[in-house]
Amino acid sequence: MAARRISSLLSRSLSAYSASPSSASPLLFHGRVIHGRGEGRTIRGFGTNAAVEELVTPPVKISYTQHLINGQFVDSASGNCRTFPAYDPRTEKVIAHVAEADAEDVDRAVKAARKAFDEGPWPKMTAYERSLILLRFADLVDKHRDELAALETWNNGKPYEQAAKAELPSLARLFRYYAGWADKIHGMTMPADGHHHVQTLHEPIGVAGQIIPWNFPLIMFAWKVGPALACGNTIVLKTAEQTPLTALYAGKLFQEAGLPPGVLNIVSGYGPTAGAALASHMDVDKVN
């Protein structure tokens, strides 16, 4: 069901973009460059079992491969040698080495999120102030659309046209939508029998553990991170080990947007280690 909703959303977005006067975009130039590199190649299935050690240079700078914990990009706790390869699925060549999280790294991220929720400025900010950060992030997505689309194509293998014309505009729109909800989540007063006053009050849950898949990394990032932040929660997000690069880049943009340290923490790693540690951590209030 979710896959059908995404396909429908992207089809409508792509049609609207192509019909707009701005469809003759400089982004198309970058798309031809990227597609040209793969012209004549057969797209093969992605596999993590055959590690290719040769590093190839993508047409976009990969700046963020470490974990984002408490507002800082950091190596794994066991050292900067603990990494895993990120591939170009078209060629199966390694394009980056990404910090690999284990239980200790997840624990560091959860502690940062817990402290940010319990003691940091985030819970003291008004809903309107939270919405402004989400809106600034959406503006930064528009500003850095070329880089994000190129990273999504290079690491995920999807057509550049889909990333640039459909998914990136949708990413910005989704965060603007959630920003609009931040100050519209109200409680209510209900009639009750006798001399009673009944009122509901919505409060943030706390630390949200989030795990996103590889097929739509940025859209899934928006669907999980956007509502959690709009409601005032803090987050530890684990990327898919196949496609970690765009979420880490988005984490940097959230820093630029003014998100306090520890509110959004991003770790990369494998399900049986990092994912299991996040799902079983007792200081995580919700996993989705």
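Quick notes
- Applied to segment 75-88, the Karplus parametrisation 6.51 cos²θ - 1.76 cosθ + 1.60 on θ = phi - 60° returns per-residue 3J(HN,Hα) values of 6, 4, 4, 7, x, 6, 7, 7, 9, 9, x, 9, 10, 8 Hz, with x for Gly and Pro.
- The Cβ shell under 12 Å around A179 holds other residues with a net charge of +2, Lys and Arg each +1, Asp and Glu each -1.
- Here segment 159-208 is described by how far its Cα atoms reach on the three principal axes: 63, 23, 15 Å, from widest to narrowest.
- Approximating the spin labels as points 7 Å out from Cα along Cα→Cβ, the K115-to-H195 distance works out to 4.9 nm.
- Segment 87-176: C-alpha gyration tensor shape, a/c 1.5 cut-off, then a/b vs b/c: oblate
- Close amide H partners of Y87, meaning residues 5 or more places away or on another chain with modelled amide H under 5 Å apart, are I95.
- Within straight-line cross-link reach of K165, lysines at Cα separation under 23 Å, skipping those fewer than 8 residues along the same chain: K61, K143, K224, K252
- Spin-label pair N288/T273, simplified geometry with 7 Å Cα→Cβ offset, distance in nm: 2.9
- Three-way shape label, segment 186-248, alpha-carbon gyration tensor, a/c 1.5: prolate
- Of M282, M220, the sequence from fewest to most neighbouring Cβ atoms within 10 angstrom is M282, M220.
- Extended-chain gain in nm, criterion 0.36 nm per residue less alpha-carbon gap, Y128 and Y177: 16.3 nm
- Efficiency of FRET from Cβ geometry, N80 and H202, R₀ 41 Å, rounded to 0.05: 0.45
Since every read-out is calculated from the coordinates, none of them should be taken as a lab result. These figures come from a predicted structure and were not determined experimentally. So basically every Cβ, Gly included, is an ideal-geometry build from the backbone, and we count neighbours across all protein chains shown.
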